[in-house]
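Written below as structure tokens is the structure these notes are about.
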Amino acid sequence: MERARAGDEAALNRLVSRHHETAYRVALGILRDPEMAADAAQDGFLKAIRGLDGFRGEARFRTWLLTIVSNEARGQLRRRGRRRETALDDVAPVVDGRTAVDDQVVASQEARRARRLLEELPEKQRMAVQLRLDEGLSFKEVGEVIGSSEGAARVNFHHGIRKLRERMEEP
Amino acid sequence: MSMTCADIQDRLPERAGGGLPASEAVEVESHLAGCADCREVAETLALLVEATPRAPQGLEARIAAAGREALRESRGRRTRWVTPAWGLGAAAVLALLLGRTLLPGLENGPEILAVPAEESTLFADDGMVAGAPVFDGLSDEDLALLLEEMDG
């Protein structure tokens with residue numbers, strides 16, 4: 001029984017280790033607030049753990065988890081009224097939990113600008129780019145998370161990149 | 001058949017993350033050398049990767065701790081017999097004594113039926129026990145099913 005419990009929690013620790021970063025980034029993209037994103041990532045993970053009896057379908061666990069986290073983040077957004085108006089770039093950039101003053105390696109200003117402009121894209125385009133690029137999801141999996149077909153996910157990705165490039169060329 | 005610009009751009013996220021299969025890398029790099037449009041897309045993706053947000057320190061441990069608590073709560077709601085180790089032995093001795101006292105003609109004593117499994121109520125907060133199985137090689141789906149089966 002002790003080994004079963006240890007295995008249970010070891011399995012949980014493994015899943016959290018693999019996916020907590022992804023869950024956080026997906027929530028951050030919607031909420032644009034690191035604290036709210038951390039809360040949404042945790043709450044989404046807990047809902048997934050409590051609802052495991054509902055996970056026996058064709059979707060991969062990661063896709064299923066990210067769908068739950070996305071819904072949780074949107075729910076928090078609705079409950080709190082609105083997302084932060086200021087972009088994340090307005091505060092000290094955080095890398096691995098430390099602020100820029102503590103870390104030698106910080107993204108270039110242009111890279112941070114690109115991320116800020118990405119946040120301003122329409123949600124499906126932004127999520128398509130983030131899920132493909134940051135999380136390595138296939139277009140089919142992106143579609144499952146954002147609620148569209150694989151083809152539409154691909155279109156959202158390419159349109160998002162094109163719009164981002166146009167914005168970056170603006171002064 | 002050589003890849004189109006759309007095919008190339010579909011693969012640029014993998015290239016940006018360093019995960020492009022070697023079998024495709026040569027053609028992708030060759031295409032980029034001669035296509036300014038695809039090259040600009042690749043540069044945009046590289047900038048985004050450079051500024052990829054990272055989870056704050058401590059979030060993994062926080063989620064794992066909350067998850068373990070959620071698992072313990074769900075186990076606590078299940079109906080089961082829980083008998084402390086000392087109680088099991090005492091109960092068995094008492095049953096035997098009662099049987100021999102009340103039923104002296106019963107040579108073999110009372111049959112002890114359906115002894116509940118001993119269950120420890122102690123477990124480590126870190127969930128690690130020497131000799132516990134390691135799940136590094138299991139897929140997410142197997143881990144999720146394992147959690148669900150052990151919890152149900």
Considering every residue within the range A:55-74, establish whether at least one is open to solvent by 20 Å² or more (accessible area, probe 1.4 Å), facing chain B (nearest Cβ under 9 Å) and at pLDDT 85 or above. yes
Return the total of residues in the range A:160-171 being part of a helix (DSSP H, G or I) and open to solvent by 20 Å² or more (accessible area, probe 1.4 Å). 7
Of those in the range A:23-42 that are part of a helix (DSSP H, G or I) and more than 9 Å from chain B (Cβ to nearest Cβ), the residue most open to solvent (accessible area, probe 1.4 Å) is A:39
Report every pair of residues separated by at least 6 positions or lying on different chains whose Cβ atoms are under 9 Å apart, first residue within the range A:153-165 and more than 10 Å from every other protein chain (Cβ to nearest Cβ), second aromatic (Phe, Trp, Tyr). A:153/A:139
Mind counting the residues in the range B:26-51 that are more than 10 Å from chain A (Cβ to nearest Cβ) and either modelled with pLDDT under 95 or open to solvent by 30 Å² or more (accessible area, probe 1.4 Å) (or both)? 9
Whether any residue in the range B:4-12 is within 34 Å of the chain's Cα centre (by Cα) and open to solvent by 50 Å² or more (accessible area, probe 1.4 Å) is what I want to check. yes
In the set B:15, B:11, B:54, B:62, which member is touching a Phe, Trp or Tyr at 6+ places or on another chain (Cβ under 9 Å), within 11 Å of chain A (Cβ to nearest Cβ) and either without any contact (Cβ under 8 Å) to a residue 60 or more places away in the chain or within 30 Å of residue A:33 (Cα to Cα) (or both)? B:54
Scan of the range A:147-159 for residues that are assigned to a helix (DSSP H, G or I) and open to solvent by 20 Å² or more (accessible area, probe 1.4 Å), ordered by number: A:150, A:151, A:152, A:154, A:155, A:156, A:158, A:159
Evaluate the range B:65-86: report whether one residue or more is away from chain A (no Cβ under 12 Å), farther than 23 Å from residue A:142 by Cβ, outside any helix (DSSP H, G or I) and modelled with pLDDT of 95 or more. no
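Rundown of residues vs (1) closer than 27 Å to residue A:49 by Cα; (2) at pLDDT 95 or above; (3) touching a strand residue (DSSP E or B) at 6+ places or on another chain (Cβ under 8 Å); (4) among the small types (Gly, Ala, Ser), yes/no style:
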residue	(1), (2), (3), (4)
A:84	no, no, no, no
A:106	no, no, yes, no
A:117	no, yes, no, no
A:121	no, yes, no, no
A:151	no, yes, no, yes
A:164	no, yes, no, no
Residue among A:141, A:169, A:135, A:120 that is free of Cβ contacts under 8 Å to residues at least 12 places away in the same chain and out of contact with any His (no Cβ under 6 Å at 6 or more places or on another chain): A:169
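The values are calculated or read from the model by the stated rules, or taken from the named source; none is laboratory data. Note that the coordinates shown come from a computational prediction; the quantities given were computed from them, not determined experimentally. Cβ atoms come from the backbone with ideal geometry, glycine included; neighbour counts cover every protein chain shown. Please note that ligands, DNA and RNA were not included when accessible areas were found on the heavy atoms of the full protein model with its side chains. Shrake-Rupley method; radii C 1.70, N 1.55, O 1.52, S 1.80 Å.
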